[in-house]
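Quick notes on the structure that follows.
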Amino acid sequence: MPIIMRHKDIFIIFFEEEHKMKKGCPYGTHRVISPKGVLPQPADVIDNNMEIYDNEVLIDVKTLNIDSASFTEIVRRVLDKKPAEVTTQEEMDKIGDKMKEIVAHAGKHKNPWTGSGGMLLGTVEEIGPAYQGDLKVGDKIATLVSLSLTPLRIDEIVAMRPAIDQVDIKGKAILFQSGIYGIIPDDMPEKTALSALDVAGAPAQTAKLVQSGQKVLIIGGGGKSGLLCLHEAKKRAGVTGLVVCAAGSQKSEDRARVLNLADEYFHMDATDAVGFYNKSMELTNGELFDVVINCVSIENTEMASILSDVANYQIVAQDGVPFEDSRATGTIGKKGSCVIPLDLETNVVKLHELLFDVTEYEPSDQVKQYSQKVQADTSQYMKK
């Protein structure tokens, strides 16, 4: 771009060299360092240089809302504690050092043990000229894409709230063209908005599942997502329904009670599947629940969810693959007696019909090749 300056009657023209931004992929593949050929999320290392590409957005980061499972695992690895037990600045500094170590290695905050990330809150600082969207510089936003794929740089840990998995930082991040976000409303505290957006999917799913008059159990009802799910379940189940809050501690139970979000409350270790089953039988007069929503990030709690509404499971089929009319048995050497598909191709077609109600499925060439190989390798052993 030329710059024209005048000195008396003399005009001097300077030619300023334009800085051309590099073109970026909408999905951020241009940021992947290793391994090549993958998207940013599964990548081990991505480029977190904060010089933006032409379709990126630079964010001045204020708060990281770390995925609950991720933060819990980091605290366990660093301190052998639960997040709620972290109280001293020294402990928080150790957690912060581990977070900075993760980002320094990977270019993003992707937990090396859980694979999860979280989300962030910040202010739009710069927008690439090719970016398509309604954002403008100065907008306060929460990114709704995972930190496990977001280029991030942490310059300083400013504050930490371990009980709610939030960390205030000084740093920068990149939003790709494909990245979704929420603009923070002016009438809501930023950290409240971030907490709500972080778990927005759980109450939305509750709204889809719960119907009027149903008996609903929310496991982890005293947490962020649990409280929102209780509210939505109570609204959907109505006065003829039953909504029960199962909290992990007396403190969590009291939190839900104060808000009057359920009909019944109790607290119990969610890994105690038998205890949950007995309590569910007691609260429902032996009928168990119609809907169970598990909001806790703890291993081995699935059985508590299953047993609490086991009466609603139905056996819809007693066949299996290979299907009865398309299988045979045979003794194959040292492998012993085996059940063998007479025709793998036919079994795959029938499986799609059973699972997906697709009656005209066409198997791939690879399935057909495997089918021919199975037949060639096993036909001599078949018992007709």
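Quick note: the coordinates plus some simple rules give every number you see, no bench work behind them. Since the structure is predicted, the reported quantities are computational estimates derived from the model, not experimental observations. Every residue, glycine as well, gets a Cβ built from its backbone with ideal geometry; the counts of neighbours run over all protein chains shown.
Tabulated data
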item: Modelled label reach - residue 377, point 7 Å along Cα→Cβ, the stretch 325-350 residues with backbone N closer than 20 Å; result: 326-349
item: Cβ-Cβ FRET estimate between residue 187 and residue 339, R0 fixed at 56 Å, reported to 0.05; result: 0.30
item: 12 Å beta-carbon shell around residue 38, net charge (K/R +1, D/E -1); result: +1
item: The stretch 110-148: trypsin sites (Lys or Arg not before Pro) falling in loop per DSSP and having at most 16 other Cβ within 10 Å; result: 136
item: Per-residue Cβ neighbour rank within 10 angstrom, fewest leading, 265, 361; result: 361, 265
item: Simple spin-label estimate for residue 251 and residue 302 in nanometres, 7 Å along Cα-Cβ; result: 3.0 nm
item: Cβ charges +1 (Lys, Arg) and -1 (Asp, Glu), total dipole of the chain, debye; result: 460 debye
item: Hull volume in cubic angstrom per residue (convex hull over the Cα atoms of the stretch 65-175); result: 98 Å³
item: Residue order, fewest to most beta carbons within 10 Å, for 73, 85, 345; result: 85, 73, 345
item: Spatially proximal lysines relative to residue 368 (Cα-Cα < 29 Å; intrachain offsets below 8 disregarded); result: 334, 335, 350, 383, 384
item: Cleavage-rule hits (chymotrypsin sites (Phe, Trp or Tyr not before Pro)) in the stretch 54-149: DSSP loop, at most 13 neighbouring Cβ within 10 angstrom; result: 113
item: Given 62/98; 140/208; 23/191; 22/110, the pairs whose alpha carbons are separated by over 28 Å; result: 140/208; 23/191
item: Sequence-distant residues sharing a close amide H with residue 152 (under 5 Å, placed H); result: 108
item: For residue 126, residues with placed amide H under 5 Å, excluding near neighbours; result: 58
item: Candidate lysines - alpha carbon under 21 Å from residue 20, same-chain residues fewer than 8 apart omitted; result: 136
item: Prolate/oblate/rounded call for the chain, Cα gyration tensor, a/c under 1.5 rounded; result: oblate
item: Restraint check, 81/234; 36/373; 82/251, Cα-Cα greater than 24 Å; result: 81/234; 36/373
item: Estimated [θ] at 222 nm from DSSP helical runs (n ≥ 4, -39500 (n - 2.57)) normalised by residues in the chain, nearest 500; result: -9500 deg cm²/dmol
item: Restricting the stretch 16-75 to trypsin sites (Lys or Arg not before Pro) in coil, as DSSP defines it, with at most 10 other Cβ within 10 Å; result: 20, 36
item: Ranking of 39, 175 by count of other Cβ atoms within 10 Å, fewest first; result: 39, 175
item: FRET E, pair residue 36, residue 269, Förster distance 56 Å, beta-carbon r, rounded to 0.05; result: 0.80
item: Fully extended contour minus Cα-Cα distance, from residue 367 to residue 354, at 0.36 nm per residue; result: 2.9 nm
